[in-house]
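Take a look at the structure below.
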Amino acid sequence: MKVHQAEIVISAVSPKQYPESDLPEIALAGRSNVGKSSFINTLINRKNLARTSGKPGKTQTLNFYLIENALHFVDVPGYGYAKVSKTERAKWGEMIETYITSRKQLKAVVSLVDARHEPSTEDVQMYEFLKYYGIPVIVVATKIDKIPRGKWNKHTSVIKKKLDFDPKDTFILFSSETKQGKEEAWKAIEKMIKEDKV
Ligand SMILES: Nc1nc2c(ncn2[C@@H]2O[C@H](COP(=O)(O)OP(=O)(O)OP(=O)(O)O)[C@@H](O)[C@H]2O)c(=O)[nH]1
Ligand SMILES: [Mg+2]
């Protein structure tokens with residue numbers, strides 16, 4: 001998709017704040033600091049529309065971005081951020097769970113993992129959660145620019161094995177630095193948002 005127009009629509013916490021729109025939605029999930037906001041910015045050719053930060057925990061609400069009047073990207077706060085209280089973590093869980101299990105427009109979740117490391121317990125739980133609810137998943141391994149090319153296959157198999165990756169899902173090596181995987185990601189997303197429109 002060639003993106004010319006992209007804007008933030010709303011930062012939502014509860015369902016009544018979700019945009020009233022039937023447009024398909026693609027949500028981003030992943031550990032704090034893994035590169036969710038950077039992924040959105042890369043796909044829409046913007047530097048910092050989805051706010052990014054070296055500090056984890058930047059994104060705190062469900063941020064809906066309208067893209068080309070064709071879809072919403074939903075930037076979701078990251079998990080695994082240590083400096084978060086139990087109460088906040090519970091609120092986070094409820095916010096994500098409500099959104100993922102109730103939003104009819106949700107076509108797929110882009111589940112981001114850090115390409116450098118074996119997926120964390122929370123990464124595995126997130127993937128299992130999405131599979132349990134039958135949500136199509138696009139697994140994106142970020143920061144691939146930090147791994148030498150000769151090790152890409154090894155890292156791919158470590159990630160797939162730990163996640164018990166379903167071969168029906170899409171797996172993409174990605175970098176918001178080099179833009180590697182950008183076209184592949186758009187292709188996967190476009191397929192998901194078109195699938196039931198035929
Ligand atoms: N080298 C490299 N750095 C990246 C990449 N993607 C993100 N980063 C950096 O990682 C940091 C976190 O990126 P964000 O996009 O803010 O991460 P996030 O997942 O949105 O984080 P939260 O909003 O805290 O959940 C920033 O300093 C980014 O510049 C990548 O592909 N390669
Ligand atoms: Mg973010």
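Inclusion of VAL140 among residues that are β-branched (Val, Ile, Thr), over 15 Å from the mean Cα position of the chain (by Cα) and closer than 18 Å to ARG31 by Cα is not warranted. The number of residues in region 23-42 that are near ligand 1 (Cβ under 7 Å from one of its atoms) and either under 15 Å from GLU190 (Cα atoms) or acidic (Asp, Glu) (or both) comes to 0. From the list LYS2, LYS16, LYS36, LYS91, the one residue that fits, being under 18 Å from the mean Cα position of the chain (by Cα) and either within 10 Å of ligand 2 (Cβ to nearest atom) or of a type outside the set (A, V, I, L, M) (or both), is LYS36.
Being in contact with an Asp or Glu (Cβ under 7 Å, 6 or more places away or on another chain) and assigned to a loop (DSSP other than H, G, I, E, B) is the filter here; which residues of region 25-50 pass it?
VAL34, ALA50, listed by residue number.
Scanning region 65-94 for residues that are aliphatic (A, V, I, L, M) and farther than 28 Å from LEU43 by Cβ yields ALA82, ALA90.
With respect to being modelled with pLDDT under 95, under 22 Å from SER175 (Cβ atoms) and assigned to a helix (DSSP H, G or I), SER53 falls outside the description. The condition (being within 14 Å of ligand 1 (Cβ to nearest atom) and in contact with a Ser or Thr (Cβ under 7 Å, 6 or more places away or on another chain)) is satisfied by just one residue among TYR133, TYR65, TYR127, TYR79: TYR79.
The values are calculated or read from the model by the stated rules, or taken from the named source; none is laboratory data. Everything numeric in this text was worked out from a predicted model, so none of it was measured. Every residue, glycine as well, gets a Cβ built from its backbone with ideal geometry; the counts of neighbours run over all protein chains shown.
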